[in-house]
Amino acid sequence: MSKQDRPWLQPVLVAASIVVLAIAVVVVFRSTAGNSRSVVGEAVLGCTACDYFYRSDNRRGPLNCPKCDARAAWPAMLCRKCNRVVGIDRMMMRREGISDATCPHCGSTDLRTIRSSESLEGF
Ligand SMILES: [Zn+2]
Ligand SMILES: [Zn+2]
């Protein structure tokens with residue numbers, strides 16, 4: 001049986017390969033998106049009760065502080081003024097209607113987020 005006996009076969013094969021290609025593109029796109037999400041990696045959390053800070057995969061607070069066990073560990077920011085890592089109590093901010101995070105040590109609102117690749121030594 002040669003291909004000439006089934007002239008409909010070729011468009012079917014082309015359509016099938018397009019579908020396979022489309023699925024492959026979707027799968028690759030999804031796995032890349034998933035990878036980039038995990039590469040963002042570890043968040044820095046700071047305890048608002050005892051000033052302890054640490055890295056965690058959980059970037060949502062409040063979490064139990066591994067040092068003082070208070071449920072007061074929040075995703076942390078770095079104070080540009082006094083160079084300290086501070087946990088930011090988002091729940092309190094929302095409750096009080098505060099939009100800018102404030103450093104509890106110097107009162108500055110000049111805080112920045114901490115990159116996941118950043119070293120925390122020296123803070
Ligand atoms: Zn603590
Ligand atoms: Zn400060």
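Anything in the stretch 64-78 that is touching a strand residue (DSSP E or B) at 6+ places or on another chain (Cβ under 9 Å) and in a loop (DSSP other than H, G, I, E, B)? List them, or say none. Walk me through it before giving the result.
First, pick out the residues of the stretch 64-78 that are touching a strand residue (DSSP E or B) at 6+ places or on another chain (Cβ under 9 Å): 64-68, 70-78.
Of everything in the stretch 64-78, those that are touching a strand residue (DSSP E or B) at 6+ places or on another chain (Cβ under 9 Å) and in a loop (DSSP other than H, G, I, E, B) turn out to be CYS65, PRO66, LYS67, CYS68, ALA70.
Kindly indicate the residue of the stretch 79-112 that is part of a strand (DSSP E or B) and either more than 9 Å from ligand 2 (Cβ to nearest atom) or among the acidic types (Asp, Glu) (or both) and also nearest to GLY122 (Cα to Cα) among those meeting that condition.
That would be VAL85.
Would a scan of the stretch 52-65 turn up a residue that is in contact (Cβ under 8 Å) with a residue 24 or more places away in the chain and within 16 Å of ligand 2 (Cβ to nearest atom)?
Yes; the residues of the stretch 52-65 include at least one that is in contact (Cβ under 8 Å) with a residue 24 or more places away in the chain and within 16 Å of ligand 2 (Cβ to nearest atom).
Tell me the residue from GLY122, GLY61 that is part of a loop (DSSP other than H, G, I, E, B) and at positive phi, please. Break it down stepwise before answering.
Working: GLY61 fails: at positive phi.
Going through GLY122, GLY61 in turn, just one is part of a loop (DSSP other than H, G, I, E, B) and at positive phi: GLY122.
How many residues does the stretch 37-46 hold that are under 16 Å from PHE123 (Cβ atoms) and either at pLDDT below 85 or away from ligand 2 (no atom under 16 Å from the Cβ) (or both)?
Residues flagged as under 16 Å from PHE123 (Cβ atoms) and either at pLDDT below 85 or away from ligand 2 (no atom under 16 Å from the Cβ) (or both) within the stretch 37-46 amount to 3.
For the stretch 5-30, enumerate the residues that are surrounded by 10 or more Cβ atoms within 10 Å (Cβ to Cβ) and either at pLDDT below 75 or not in a helix (DSSP H, G or I) (or both).
Passing the criteria: ARG6, PHE29, ARG30.
The values are calculated or read from the model by the stated rules, or taken from the named source; none is laboratory data. Given the structure is predicted, the values throughout are model-derived calculations rather than measurements. All Cβ positions, glycine included, derive from the backbone under ideal geometry; neighbour counts span all protein chains shown.
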